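The values are calculated or read from the model by the stated rules, or taken from the named source; none is laboratory data. Bear in mind that the values here come from a model prediction, so they are computed numbers and not experimental data. Every residue, glycine among them, receives a Cβ derived from its backbone with ideal geometry; neighbour counts consider all protein chains shown. What goes into the accessible areas is simple: the full protein's heavy atoms, side chains included, and nothing from ligands, DNA or RNA. Shrake-Rupley method; radii C 1.70, N 1.55, O 1.52, S 1.80 Å.
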Amino acid sequence: MKNKNFEIRFHPERGTIVSIVNPNDAVEMNWCDPAEGLEWGTVVNENRETVKRSVGMKTERFEETDGSGVTVWSNGKLQVTAKRFFKATGNFVEEYHVKNLRDDDLFLERGELGICVPFNDRYTWAEDCQLHRCNTHIWCGEHTSWVNALRMGKSGCNLGMVLTEGELDSYSVSGSRSNQRGIFILNCGHKQLRAGETFTVSWELFWHAGDEDFYQKARQSGQFIDVRAEHFTVFSDETIRFTASLPPDKREVLVFADDEKADFLRNGDLVRVVYRPKRPGEHRFRIVADGICTHADFLVVSGVKQLLEKRVRFIAERQQYHCPQSPLDGSFLIYDNREKYPVYDAVITDHNACRERVGMALLLIRYLQEHEDARLRAALDAYLTFLYREFFDAQTGEVFDGAGKNNSRIRLYNAPWITLLLTELYNLTEQKEYLEQILRILEKYYAQGGQRFYPNGFSMAKTVEAFRNAQMPKEAELVLGLFRTHVDNMIANGLAYPKHEVNFEQTIVTAPANYISEMGLLTGDGRYLAEAKRHIEILERFNGHQPGFHQHEIPIRWWDDFWFGKGRVFGDTFPHYWSCLTARAYMNYYRLSGEEKYRSAAHECLRNCLCLFTEDGQGSCAYVFPFLVNGKRGEFYDEWANDQDFALYFFQDYYEGDGA
């Protein structure tokens, strides 16, 4: 199939789609990626959650012309007829008609029936990703469901998909691993079909120039309710406020808050809701307009001050290990919230007592800078004893990868976190010995090749300012010079980001976006502004704008729960605590440029990361968002508290709004 806007290529035997190309695209990017064998349009009829056996769909018929295609699949229980054609506008339409072939009623459970849409969302290397791969932002919001696929590099050629008939409940992923986000499966909800009855799911694909162009075109679908809110996470002294733009000519409108009718104001096709929450926690609002339904998800948090106090006490009371006979004495460990027990593994280094577990100590130090507390100070002192004894040599500046000063691997992510820790210790105590130790760390780090690495642990501005505040101008200039060389190397690389623990991802981009901005703030040199903007424009393409606190202004990540969580699944983590690094980069760029939209986006990202903490101070390293991930049930907060405290730490430095 081909027209002026689309070139569609089918598998000749299965009738599935293997290629979607814009004929006007100079690089001829294929927007679908059937690498795992689940091509676009494959119908999945299974529900592993309820241990139902999958019954494979067999292709009964496939026909193709220049302007249309028809495929019929069946498994003896269901028959699915897929009709593909072009509209007069040039957009590409797919209709999936699902028929009950049985002689009795058929009840489909949630997630039992899904349609594969393998958008090309995987990481090869940076230059290839920016030309030939996309960040796939998905919203399954009942009748209002859509996909906004943004090319990973700055581009005016992006692919949108909007539901035009039927409804979608959720999405699953299959074949996900470190550099492969997986095949997306758009799931239907509960369905009850009488014998011979048919229901339809239909969507339209179109090209768009970017986010606002996407929404403008999606609103023309006829069942698109556009929900916008300033905040999807609010504090208990705030109100939930949002608007819903309705399709034209809808007569009856209802709004429900947690299944109870909610008041609203209507002006034509615009609905405004102002709702005073009665309790902390999650709230789902449903908007119904003449039978067209969608929802938006909000979170209410008591307040960051209360949350912070409960969290630091939880760390000191439950996550610090006390055993004088053990080398781990004084360490902060992962905590299993279900088993109520600490977790440690020296072999799986993301589960050891070092690395990013430093975040718990950082949070305590930051808290103690504003609050005197003998119990917390004692916990910090015990941790510092562990730090110097087990994985930091203050005389040489070497930072190790594990307890026992294990140097079997040099991990260049680690030393920057200790540099930040020592900076905060100086800010707490004004003891210059911590700054002297920073000098040794930097000398060692850059001798090990750190000037070519893209870490996220440095706070260049905060560290240089600490030296300046300590009346150490010579040392401040030395540190500034080392950082400037590091930043200049990032500028020289441009958008050709080097591979790190993942080939290409959000936190690789946050490093230059943030540090170039910080260097501009430190030096006042105007050349850094334009350089930072290049990386910010790549970084913001990772962020979604779905109407829910899990996804709104939260960057795409999917490998973190496997490495850092108890669930051990590769699947979209909305959010994950490293989402906050995007907020930090946005805020430093805002402080450099004055572009207000990045301040607002940073605040929203930081707010939405607070869902990783409960009202009693418990933490979770990630929320696994998809319905199923590689056959395992998703939609859960991981039971391990592991590293999420960076989100609270950075909140204190970069959130400037009211209500916290």
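For this structure, a couple of remarks:
- Test: residue in the stretch 175-186 that is among the polar types (S, T, N, Q), buried (at least 17 other Cβ atoms within 10 Å of the Cβ) and not in a loop (DSSP other than H, G, I, E, B): yes
- Residue within the stretch 346-362 that is in contact with an Asp or Glu (Cβ under 8 Å, 6 or more places away or on another chain), hydroxyl-bearing (S, T, Y), under 23 Å from S620 (Cβ atoms) and open to solvent by 20 Å² or more (accessible area, probe 1.4 Å) present: yes
- Cross-chain or 6+ apart pairs with Cβ under 9 Å, the stretch 233-253 first and on the phi > 0 side of the Ramachandran plot, then open to solvent by 30 Å² or more (accessible area, probe 1.4 Å): D249/D269; D249/D290
- Of the residues in the stretch 556-571, none is more than 19 Å from N179 (Cα to Cα) and open to solvent by less than 20 Å² (accessible area, probe 1.4 Å).
- Among the residues of the stretch 219-238, at least one is within 17 Å of V271 (Cα to Cα) and part of a helix (DSSP H, G or I).
- If you go through the stretch 385-406 and keep only what is more than 11 Å from A353 (Cα to Cα), in contact (Cβ under 8 Å) with a residue 12 or more places away in the chain and surrounded by fewer than 18 Cβ atoms within 10 Å (Cβ to Cβ), you end up with T385, R389, D393, A394, Q395, T396, K405, N406.
- Filter result for the condition that a residue is at pLDDT 95 or above, surrounded by fewer than 16 Cβ atoms within 10 Å (Cβ to Cβ) and either within 26 Å of A601 (Cβ to Cβ) or under 27 Å from the mean Cα position of the chain (by Cα) (or both), over T239, T233: T239
- Test set (1) within 29 Å of H500 (Cβ to Cβ); (2) assigned to a helix (DSSP H, G or I); (3) touching a Gly at 6+ places or on another chain (Cβ under 9 Å) - T385 fails condition number: (1)
- Selected residue (only one of T136, T200, T164 is hydroxyl-bearing (S, T, Y), touching a strand residue (DSSP E or B) at 6+ places or on another chain (Cβ under 6 Å) and open to solvent by less than 20 Å² (accessible area, probe 1.4 Å)): T136
- From the list D258, D226, D211, the lone residue that is within 19 Å of V162 (Cα to Cα) and in contact with a Lys or Arg (Cβ under 7 Å, 6 or more places away or on another chain) is D226.
- Hits in the stretch 438-475 - residues which are more than 14 Å from T419 (Cβ to Cβ) and over 31 Å from the mean Cα position of the chain (by Cα): A447, R468, N469, A470, Q471, M472, P473, K474
- Cβ pairs under 6 Å, 6+ apart, first in the stretch 581-597 and more than 18 Å from C609 (Cβ to Cβ), second of a type outside the set (A, V, I, L, M) and assigned to a helix (DSSP H, G or I): Y589/S517; Y589/Y598; L592/S517; L592/G520
- Test for G153: is it in contact (Cβ under 8 Å) with a residue 40 or more places away in the chain, part of a loop (DSSP other than H, G, I, E, B) and buried (at least 20 other Cβ atoms within 10 Å of the Cβ): no
- Matching residues in the stretch 248-267 - criterion: being open to solvent by 50 Å² or more (accessible area, probe 1.4 Å) and either modelled with pLDDT under 95 or touching a helix residue (DSSP H, G or I) at 6+ places or on another chain (Cβ under 9 Å) (or both): P248, D249, R251, D259
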